[in-house]
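The values are calculated or read from the model by the stated rules, or taken from the named source; none is laboratory data. Keep in mind that what you see is a predicted model, and the values were worked out from it rather than measured. Ideal geometry is used to build each Cβ from the backbone, glycine not excepted, and the neighbour counts take in all protein chains shown. All accessible areas refer to the heavy atoms of the entire protein, side chains included, with ligands and DNA or RNA removed. Shrake-Rupley method; radii C 1.70, N 1.55, O 1.52, S 1.80 Å.
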Amino acid sequence: QVQLAESGGGLVQAGGSLRLSCAASGRTFSSYAMAWFRQAPGKEREFVAAISGGGGRTYYADSVKGRFTISRDNAKITVYLQMNSLKPEDTAVYYCAAGSWVTIASQARIDYWGQGTQVTVSS
């Protein structure tokens, strides 16, 4: 079992930065790929970024490439999402998730979800 808890969301002006954290429980954390997803009001949940279990591979949605950086610290069993140059369209609830590297971005199979943290970007 892995439990995920996001933190770091909040209100920020356009152009600003936030760093989200997702703290995990469980001894098998490093065996999971981790990802961030987001869901804006009235929209479907969408993929943002993913990182492999060892941290050597990353993958980003085109909409955040060059602005967001995903990283993980397996010793602290935490995954991060550094968000720079934020835009109002980045406003959403952000969720972290654990799963397989092969399927995590497509949401074909997600083993664990966090509860989400709200990010609001004002113009």
- Got a sec? Which of Ser17, Ser71, Ser63, Ser21 is touching a Gly at 6+ places or on another chain (Cβ under 6 Å), at pLDDT 95 or above and more than 14 Å from Trp101 (Cβ to Cβ)? Ser21
- Item | Enumeration of residues in the range 51-95 that are within 17 Å of Thr120 (Cα to Cα) and either part of a strand (DSSP E or B) or of a type in the set (A, V, I, L, M, F, W, C) (or both) | Val64, Phe68, Leu81, Gln82, Met83, Leu86, Ala92, Val93, Tyr94, Tyr95
- Note on the structure: Checked pairs for the range 42-53, first touching a residue at least 12 places away in the same chain (Cβ under 8 Å), second of a type in the set (Ser, Thr, Tyr) and open to solvent by 80 Å² or more (accessible area, probe 1.4 Å), C-beta under 6 Å and 6 or more apart or across chains, list as Ala50/Tyr59; Gly53/Ser31
- Task: Working only within the range 7-17, note down all residues that are open to solvent by less than 30 Å² (accessible area, probe 1.4 Å) and touching a strand residue (DSSP E or B) at 6+ places or on another chain (Cβ under 6 Å).
- Result: Val12
- Specify which of the listed residues (Arg27, Arg67, Arg57, Arg45) is of a type in the set (Lys, Arg) and open to solvent by less than 40 Å² (accessible area, probe 1.4 Å). Arg67
